[in-house]
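The values are calculated or read from the model by the stated rules, or taken from the named source; none is laboratory data. As the structure is a computational prediction, the values presented were derived from the model and not from experiment. Every residue, glycine as well, gets a Cβ built from its backbone with ideal geometry; the counts of neighbours run over all protein chains shown.
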């Protein structure tokens with residue numbers, strides 16, 4: 001039987017509106033009641049992941065920044081970290097600013113951005129439906145380079161770079177890849193989000209990548225939790241949809257891909273379930289995890 005289930009957020013646990021379905025909540029609750037460790041593993045900052053962890057009743061560990069952080073919610077402390085350096089971040093910001101391409105920087109608890117667009121616009125839309133203390137903290141700053149240069153206590157999880165033009169996007173990413181000791185996520189498909197404004201729905205589609213320190217991935221963070229809790233790889237399940245989930249899906253005891261996953265993830269997964277808009281995570285729990293319990 002499985003003892004730990006790691007679940008990605010965007011495109012996996014959350015539907016296109018940023019919500020967790022009732023079927024999925026019930027399936028996760030049953031697993032938690034039977035002693036299974038549920039770990040949300042996301043690229044989002046701690047505050048955003050913690051809110052969603054609390055919402056589904058997973059109150060022990062969370063993984064933030066695509067594996068840059070393991071946070072212990074019970075002890076309220078970071079127990080594992082692999083941050084980007086200030087110098088790395090400034091080099092990336094300089095390239096983005098010089099080429100007028102959109103980016104945002106994830107610190108422990110904030111997303112730093114110059115304006116609301118792409119992923120930060122989606123987070124802003126999510127925030128409208130949440131209590132203030134549960135919102136993703138979005139810090140809008142006119143001169144990010146100067147802000148970071150003058151700051152001594154910021155800790156950087158990752159940087160997201162976005163653009164609607166594939167040609168412009170690819171040319172900037174090629175420059176960023178020349179910076180030493182970073183990993184640039186090779187995302188092969190466009191991100192698609194639906195933003196609700198009253199009765200209107202706005203579809204947002206864009207190219208993006210995520211930049212972390214070298215050798216940051218969700219599986220390495222999961223391994224840290226496994227060692228602390230004496231859990232073996234064959235006792236783990238990983239559920240995801242995108243390239244940043246590749247290592248954990250490939251190396252977990254059971255790797256599950258969502259129906260909306262990029263083709264690479266479907267190819268390496270042990271099982272494929274329905275999409276994030278069709279309760280795929282709930283289906284995974286019912287088929288592969290909760291079947292052992294009455």
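Remarks
- Of the residues making up the range 192-210, just one is within 13 Å of residue 163 (Cα to Cα), touching a helix residue (DSSP H, G or I) at 6+ places or on another chain (Cβ under 7 Å) and either modelled with pLDDT under 80 or loosely packed, with under 12 Cβ neighbours inside 10 Å (or both), namely 204.
- Identity of the residue in the range 241-263, buried (at least 17 other Cβ atoms within 10 Å of the Cβ) and assigned to a helix (DSSP H, G or I), that ends up farthest from the chain's Cα centre (by Cα): 251
- Qualifying helices (runs of 4 or more DSSP H) (wholly inside the range 7-124; at least 1 residues being more than 17 Å from the chain's Cα centre (by Cα)): 22-33, 86-98
- Among the residues listed as 71, 61, 80, the single one being within 30 Å of residue 143 (Cβ to Cβ) and at pLDDT 95 or above: 71
- Some residue of the range 34-50 being more than 22 Å from residue 67 (Cα to Cα), crowded, with 16+ Cβ neighbours inside 10 Å and touching a strand residue (DSSP E or B) at 6+ places or on another chain (Cβ under 7 Å): no
- In the range 125-139, the residues that are exposed (fewer than 14 other Cβ atoms within 10 Å of the Cβ) and not in a helix (DSSP H, G or I): 128, 129, 131
- Test set (1) touching a strand residue (DSSP E or B) at 6+ places or on another chain (Cβ under 8 Å); (2) over 16 Å from residue 45 (Cβ atoms); (3) in the same structural domain as residue 9 (by TED's automatic domain parsing) - residue 75 fails condition number: (1)
- Test for residue 225: is it free of Cβ contacts under 8 Å to residues at least 24 places away in the same chain, out of contact with any helix residue (DSSP H, G or I) (no Cβ under 6 Å at 6 or more places or on another chain) and assigned to a helix (DSSP H, G or I): no
Listed here are the residues, each with its yes/no results for (1) within 13 Å of residue 3 (Cα to Cα); (2) without any contact (Cβ under 8 Å) to a residue 12 or more places away in the chain.
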{"position": "229", "(1), (2)": "yes, no"}
{"position": "255", "(1), (2)": "no, no"}
{"position": "259", "(1), (2)": "no, no"}
{"position": "266", "(1), (2)": "no, yes"}
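- Meets criteria (in contact with a strand residue (DSSP E or B) (Cβ under 7 Å, 6 or more places away or on another chain), outside the structural domain of residue 42 (by TED's automatic domain parsing) and free of Cβ contacts under 8 Å to residues at least 60 places away in the same chain) for residue 207: yes
- The set of residues in the range 163-182 being surrounded by fewer than 20 Cβ atoms within 10 Å (Cβ to Cβ), in contact (Cβ under 8 Å) with a residue 24 or more places away in the chain and not in a helix (DSSP H, G or I) consists of 164, 165, 179, 181.
- Of the residues making up the range 93-109, those that are under 18 Å from residue 42 (Cβ atoms) and surrounded by 19 or more Cβ atoms within 10 Å (Cβ to Cβ) are 104, 105, 106, 107, 108.
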